[in-house]
Amino acid sequence: MANDLSVEEKEALIILLKNRFTKNHSRHNDLQWDAIQAKLEANPKKLWSLNEMEKTGGEPDVIGRDQTTGEYLFCDCSIESPKGRRSYCYDREALDSRKEHKPENSALDSAQAMGIELLDETQYRELQKLGIFDAKTSCWIKTPEAIRKLGGALFADFRYDTVFIYHNGASSYYAARGFRGVLRV
């Protein structure tokens, strides 16, 4: 199947994720790996999505648990925006509107193909409490529909010890702007 991993790939990914989980315990002090691994093993499509996050440079790790649903939250924790997801405009509409110099893809299309969601402003700010991310790059974040209808999109970064939320035309793209995703397992 296209969205399935071999047994060997699953095992290697789980080992990688467990090692990252152990190495970065401050991101998830109150969580236990065995419960997370059991959920992962029961959800092969989620493992596939995590593998896609890893392949594109996201370095996914557990950053919390939704108290309402019980789902574990995996997020891209690479220090800078994932290298394999940069130079994208915001969404399909923005991509289609470009007459020339089109980027390879859009952030929303790529996230959807990977089975993940872009971080929203609140999630991005919460991630920044776990470390310093995007001090040299930036990331598209979920944009409210009212802003998107007017042609804009939001992105964020971390400079001067502060999280900044900015706006740009949704069809713009830059070599240092990517996107971070979140996956619920």
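The values are calculated or read from the model by the stated rules, or taken from the named source; none is laboratory data. Keep in mind that what you see is a predicted model, and the values were worked out from it rather than measured. Quick reminder, even Gly has a Cβ in these numbers, built from the backbone with ideal geometry, and neighbours come from all protein chains shown. In case anyone asks, the SASA skips ligands and DNA or RNA and just uses the protein heavy atoms, side chains included. Shrake-Rupley method; radii C 1.70, N 1.55, O 1.52, S 1.80 Å.
The residue list 141, 132 contains one member that is of a type in the set (Val, Ile, Thr), within 23 Å of residue 56 (Cβ to Cβ) and under 12 Å from the mean Cα position of the chain (by Cα), which is 141.
Screening the stretch 39-77 for residues that are without any contact (Cβ under 8 Å) to a residue 40 or more places away in the chain and touching a Ser or Thr at 6+ places or on another chain (Cβ under 7 Å) and picking the one that is farthest from residue 17 (Cα to Cα) gives 57. Residue count for the stretch 105-124, restricted to those that are under 17 Å from residue 55 (Cα atoms) and out of contact with any helix residue (DSSP H, G or I) (no Cβ under 9 Å at 6 or more places or on another chain): 1.
Being closer than 18 Å to residue 3 by Cα and within 14 Å of the chain's Cα centre (by Cα), is that true of even one residue in the stretch 29-40? Among the residues of the stretch 29-40, not one is closer than 18 Å to residue 3 by Cα and within 14 Å of the chain's Cα centre (by Cα), which makes the answer no.
Only one entry in 80, 93 is touching a residue at least 24 places away in the same chain (Cβ under 8 Å), among the charged types (D, E, K, R), surrounded by fewer than 21 Cβ atoms within 10 Å (Cβ to Cβ) and not in a loop (DSSP other than H, G, I, E, B), namely 93.
Can you name the residue in the stretch 139-171 that is small (Gly, Ala, Ser) and either open to solvent by less than 20 Å² (accessible area, probe 1.4 Å) or not in a loop (DSSP other than H, G, I, E, B) (or both) and is also nearest to residue 123 (Cα to Cα) among such residues? My answer is 156.
Looking across the stretch 172-185 at every residue that is part of a loop (DSSP other than H, G, I, E, B) and within 20 Å of residue 84 (Cα to Cα), the one that is farthest from the chain's Cα centre (by Cα) is identified as 172.
Note on the stretch 98-116: among residues that are more than 17 Å from residue 174 (Cβ to Cβ) and small (Gly, Ala, Ser), the one that is surrounded by the most Cβ atoms within 10 Å (Cβ to Cβ) is 111. Going through the stretch 117-137 one residue at a time, which ones are closer than 13 Å to residue 77 by Cβ and open to solvent by less than 30 Å² (accessible area, probe 1.4 Å)? Listed by number, the residues that qualify are 119, 124, 127, 128, 131, 133, 134. The criterion of at least 1 residues that are hydrophobic (A, V, I, L, M, F, W, C) and open to solvent by 60 Å² or more (accessible area, probe 1.4 Å) is met, among helices (runs of 4 or more DSSP H) falling completely within the stretch 1-77, by 7-23.
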